[in-house]
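The values are calculated or read from the model by the stated rules, or taken from the named source; none is laboratory data. Bear in mind that the values here come from a model prediction, so they are computed numbers and not experimental data. Heads up, the Cβs are rebuilt from the backbone with ideal geometry, glycines too, and the neighbour counts pull from every protein chain shown. Quick note on the areas: whole protein, heavy atoms, side chains included, nothing else; ligands and nucleic acids left out. Shrake-Rupley method; radii C 1.70, N 1.55, O 1.52, S 1.80 Å.
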Amino acid sequence: MDYLATKYLRPRKIPSTACSGCGLGQVHKKVVKAIDELGLEIGDVVWGTGIGCAGRQTFNTWKGDNFAGTHGRVYAITTGLRLALPPDKKIILTVGDGDAFGIGFLHLLNCARRNVDMTVIVCDNLGYQSTGGQYGWTTPRGIHTDSSPYGNYENNWTSEGRDVLNILREAGATFLARHTSLQGQEAVESIKKAILNRGFSLVHMPYPCVTNFADRALGSRKPLVIYKWFEEHTCGLKDKGPDDFAFRTGIYYDASNTRPEFSEYIRNFVAEVQRRYN
Amino acid sequence: MRKTLDTGNAAITEGAIIAGCKLFAGYPITPATEIAENMSRRLPQIGGYYVQAEDELTALHVCIGGSLGGLKAMTATSGPGFILYADPMGWALGSEIPLVVVNAQRVGPVSGITGAPGQGEFYLSRYPTQGGNYETIVLAPNSVQEAFSTTVEAFYLAERFRMPVIILADQLVTDGWESLSIPETPEEIEAMGLKVIPRRIKEGPEFYPATDEIDIPPVVLGHNTGAACSDWTPTPEGYDTEEVDFQHKHAYRLIYKVRNHKDLITRYESYFVDDNPELVLVAYGSPSRVVISAVKQAREQGLKVGALRLISLWPFPDEIFKVQAKYLSVELNYDGQLVREIQRAVPKGSEVHFFGKCGELPTVAELEELMQALLTGKEIQARNWEWEAW
């Protein structure tokens, strides 16, 4: 990270204020590595974040232009920003699971429907950890958290045959992938593909939370315990995984550059209206 | 100059186009829907973008995003949508994003009556988001022609003060049909007393100066200046902070950039207030037109009454309430909102009264009866939700 950090990140946020053992740094590094491997410069990217662990830890780490939106709204802001910025400017968003799959899900679905060019990296620590550890929309059933003291009784977006990526695909997303933060170059390759897609891309990246999730769910704050739990619950998209809960990883859907991108479409539409009626 | 007969909704649309608006995001709602419809027709003709949002939260956030990228942006709604702006409005105020928000007030609370005028969002326009520590700029037209000029002015003030500016109209102004003159050349725009300035771009990495300065270009992303802005309390560089010292500086800026330049914002009309009238009627928006008619008529009958018509509502123009007199606030609500500010602003020894209607305008006859009663001290029979002595 040192070379990448010096090249792309602001020194004020290094080291990060994330908890010891947090997997968010692994996700962050993969995104920066993907940017570097694509040969992008600081001025090529506008970086957006939300709030919560992912938002606070990745806001303003990027040396170039960046912004943070209120919880779940960054996709709507990006829709407007996309119309204002030149088409070749990359917009990369690092958001949390609550931001993307809870409070911001309506905006996310509509951005997928419109195929707005943005790369959404969902940094998923399996619940609301910055507020102390409440269950979220990817917390496995039965897991104990501060707001599910007897075990989480809610159905979530990523188990029992459901996969939030199915919904996003149906909505119109053009690139979808999932990798855990523990995975290596294959995750970086997916992020690169997501950035290169001129359209709505989302990479779902579950990562370990040692301080809250591991403590309540697994009874230990030893990083090794949750890292092991992650490995045991990770499988390929089509593999038979563990019975109770699995992070199904790989490129879920790649229809890069096959659907018209929102801002490009609207620009052409406006030009056509001007040609016909003026 | 193009002369036409049209609605306030059309006037607002044309005002926005003249002011250089290039992005409108909105969600259909009566009685502001026609602004969205007109924008969907007009903006593509001038190379602008219309986005029909999935809800009002999205609408204002899309406008914020567009403005962050350097486009002049506007959205329009009515009360039930305006309350959803509470979330993004804080973002726009805190990050000093210039844009224009139109609220065509209808009867509330909640959905109320869709096609009847109300004035229930007077205070909501002063405090449209949580957290305090800011001032708002709110303008209130009372005619179709003024809806046009107010919109041009709102964009001008948004740019100079780098903040959202709210146009607090009502259903009679937005749906009403009147003659409308639209300037077509820069000379005609100037002759109407209107100013248009381009969307400016901040150079350099600093986000804000901790001063009351205005005319500082706002943050625009995409120019690789290292610009940063967020919903968190910012440092002057735009970085997020938990330090209270920076909160003081930020709050000072958000409050005093407006208060200390109030003279650039305050607009009102006064009628017969120079000869120390015994009674002054106060109103804004469509009821002010009945008030002005009633006061002119009363003067002809020899009653010593005057009127104040507020065009800028916030920051509240305390200084125009100079005369010690009886005051009567005439509003399109039953609970009395403007009246509380008048009560606060008037000189000692003044009396302040309230007359509320909702969903329909008061009549000249009703106001005449009230003026007579207030001047003679006579008690009047009225339904208790319409009339209240303060």
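For the range A:140-200, the Kirkwood radius over C-alpha pairs fed into Stokes-Einstein at 20 °C and 1.002 mPa s yields D = 154 µm² per second. Packing-based ranking of A:95-108, B:57-70 yields B:57-70, A:95-108, ordered from highest to lowest mean Cβ neighbour count within 10 Å.
Judged by the mean number of other Cβ atoms found within 10 Å, the most tightly packed of the peptides A:77-86, A:20-29, B:20-29, B:219-228 leads the ranking A:77-86, B:20-29, B:219-228, A:20-29. As an equivalent ellipsoid, the range B:199-304 spans semi-axes of 47, 15, 11 angstrom, where each value is the square root of five times an eigenvalue of the C-alpha gyration tensor, largest first. Proximity of backbone amide H atoms, modeled 1.01 Å from N, is registered between A:Leu237 and A:Thr249 at under 5 Å, excluding neighbours fewer than 5 places apart on the same chain. A crude spin-label estimate for the pair B:Ala365 and A:Arg221, with each label 7 Å from Cα along the Cβ direction, gives 7.8 nm. Looking at the protein assembly as shown, the accessible area is 37 square angstrom per residue; that uses a 1.4 Å probe and ignores ligands, DNA and RNA. Suppose R0 equals 22 Å. What FRET efficiency, 1/(1 + (r/R0)^6) with r the Cβ-Cβ distance, do A:Ser159 and A:Glu231 give to the nearest 0.05? So, using R0 = 22 Å, E works out to roughly 0.80. Peptide B:40-47 has a mean shielding of 4, counted as Cβ atoms of other protein chains within 10 Å of each residue's Cβ. Look at the stretch A:56-68: the mean tally of other chain Cβ atoms within 10 Å of its residues' Cβ atoms is 6. Taking the 1.4 Å solvent-accessible surface of the range B:1-73 as the whole, the part contributed by carbon and sulfur is 47%. Computed log10 I(q)/I(0) for chain B at 0.06, 0.14 Å⁻¹: -0.23, -1.19, from the Debye equation with unit scatterers placed on every C-alpha and solvent omitted. The apolar share of the surface of chain A, taken as the fraction of accessible area on carbon and sulfur atoms (1.4 Å probe, ligands and nucleic acids excluded), comes to 54 percent. Annotation for B:Gln301 and B:Asp275: the two label points, set 7 Å from Cα along the Cα-Cβ direction, are 1.7 nm apart. Ranked by the mean number of other Cβ atoms within 10 Å per residue, highest first, peptides B:274-283, B:209-218, A:198-207 order as A:198-207, B:274-283, B:209-218.
Using Cβ point charges alone (K and R +1, D and E -1), the dipole size of chain B about the Cα centre works out to roughly 420 debye. Checking the table A:Lys90/B:Lys72; A:Lys89/A:Lys192; B:Lys262/B:Lys304; B:Lys322/B:Lys357 against a 20 Å threshold on Cα-Cα, which pairs fail? Going by Cα-Cα distance, A:Lys90/B:Lys72; B:Lys262/B:Lys304; B:Lys322/B:Lys357 fall outside the 20 Å limit. Share of pairwise Cα-Cα distances greater than 23 Å in the range B:8-105 is 13 percent (whole percent). Here, P(r) means the percent of Cα pairs in each 5 Å bin from 0 to the largest distance; for the range A:211-278 it is 3, 13, 12, 11, 10, 8, 6, 7, 8, 7, 6, 5, 3, 1.
Look at the stretch A:106-118: the mean tally of other chain Cβ atoms within 10 Å of its residues' Cβ atoms is 2.
Heavy-atom surface analysis with a 1.4 Å probe gives the range B:269-381 a carbon and sulfur content of 45 percent of its accessible area.
In the range A:109-210, one over the average inverse separation of all distinct C-alpha pairs is 14.6 Å, which is the Kirkwood hydrodynamic radius. In plain terms, the bigger the Kirkwood radius, the slower the diffusion; for chain A, with that radius from Cα pairs, at 25 °C and 0.890 mPa s, Stokes-Einstein puts D at 130 µm²/s.
Considering all C-alpha pairs of the range B:250-346, those separated by over 23 Å amount to 28%.
Cross-link list B:Lys202/B:Lys257; A:Lys7/A:Lys29; A:Lys7/A:Lys30; A:Lys30/A:Lys222: which exceed 20 angstrom alpha carbon to alpha carbon? Pairs exceeding 20 Å: A:Lys30/A:Lys222.
Label sites at B:Thr266 and A:Glu170, each approximated as a point 7 angstrom past Cα along Cα to Cβ, lie 5.9 nm apart.
Magnitude of the charge dipole for the protein assembly as shown, about its Cα centre and with charges confined to Cβ atoms of Lys, Arg (+1) and Asp, Glu (-1), is about 1340 debye.
Under a model in which nothing but the beta-carbon of Lys, Arg (+1) and Asp, Glu (-1) is charged, the range A:15-60 shows a dipole of about 260 debye around its Cα centre.
Buried accessible surface for the A/B chain pair comes to about 3300 Å², total over both chains, computed with a 1.4 Å probe.
Taken over the range A:147-258, the ratio of Cα radius of gyration to 2.2 N^0.38 Å equals 1.16. Annotation: amide H-H contacts under 5 Å for A:Gly48 (H modelled 1.01 Å from N, sequence separation of 5 or more, or interchain): A:Phe67, A:Ile92, A:Leu93, A:Thr94. Using only Cα atoms, locate the centre of the range A:126-200 and the centre of the range A:204-278, then give the distance between them in Å, rounded to an integer. Taking the Cα centre of each part, the range A:126-200 and the range A:204-278 sit 6 Å apart. The three principal axes of the C-alpha atoms in the protein assembly as shown carry coordinate ranges of 91, 59, 44 Å, sorted with the longest axis first.
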